[in-house]
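Computed from the coordinates by the stated procedures, all read-outs in this text should not be read as laboratory data. Bear in mind the structure is a predicted one, so any value in this text is a computation, not a measurement. As a convention, Cβ positions derive from the backbone with ideal geometry for all residues, glycine included, and neighbour counts pool all protein chains shown.
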Amino acid sequence: MAQSAPKRLFNLKFTPKSVIPSFASRYLALRQSPIYPKIKFQCDNRDPNTLWWRVNSIQILGEKRVVRSRVTRKVRDAFLYELKARGFDAKGRRLETNIASTDGIRGNMRGTVTITILPSSLQGGFPAFRKEMKSKVDELVWQQRNQQSINAGKPKVAKPREAQKSTQTHRGTPRPSTRPRKKG
C-alpha cells in the first residue's frame, strides 16, 4: 500500500517589507471606531526593523473557539521554538549579539510573516507542527539571507530634504521663498 504525501498543516507567507495587517487597516480606515486610537498607536510605534508575524486561523473558522485557540497556540509555540533554536527572539532580534551568525543572516530578521492554519492541522500534534515549522523557518532564513544580499548590493540614496527640493512649481514658474533671507 502506497503512502500518500503528508498534508501540509499551515502556509507561511513572507514579505520583506513591514506590512500592517488587514484587520488593523480596517480599523485605521474607521476613525470613529473605539479602538482606533489603540491600533493607531500600535502601528505608529511598531519597530520596522523587526520581524512582524501573526497566525491566521481564518480557514478553520467553522471550528469551535477552543479548537481554533488550541491549534493557533501550537503553531505559535512551534514558530517561537524554531526562532529560538536559530538564536532569535519573538521579534526576530538576535539573542546573543556577540556570537557569530551560523545561518548567514547579519543582524535581526526583518519583514512580515503570516502563518495561515489549514484545516488539516486539526489532527496534528505538536511534534508534527515542529517538524513542518522547522522546514518553513529554514525557508524563511534562506529568504532573509537572500534579501540581505540583495539590499547589500543597492547603493544608498539619500532622500532630499525640504531645503534641497526644487523651487519650481509643477508649471515651471518659480515658487516664492517662504523663509526670509538673512541680512548681513
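Computed values, structure above
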item	result
DSSP-loop GluC sites (Glu not before Pro) across the range 63-149, with at most 10 other Cβ within 10 angstrom	96
Computed P(r) (all Cα pairs; the range 7-119; 5 Å bins; percent)	2, 10, 17, 18, 19, 17, 10, 5, 2, 0
Nearest-0.05 FRET efficiency for residue 18 and residue 58, computed from C-beta distance (R0 22 Å)	0.55
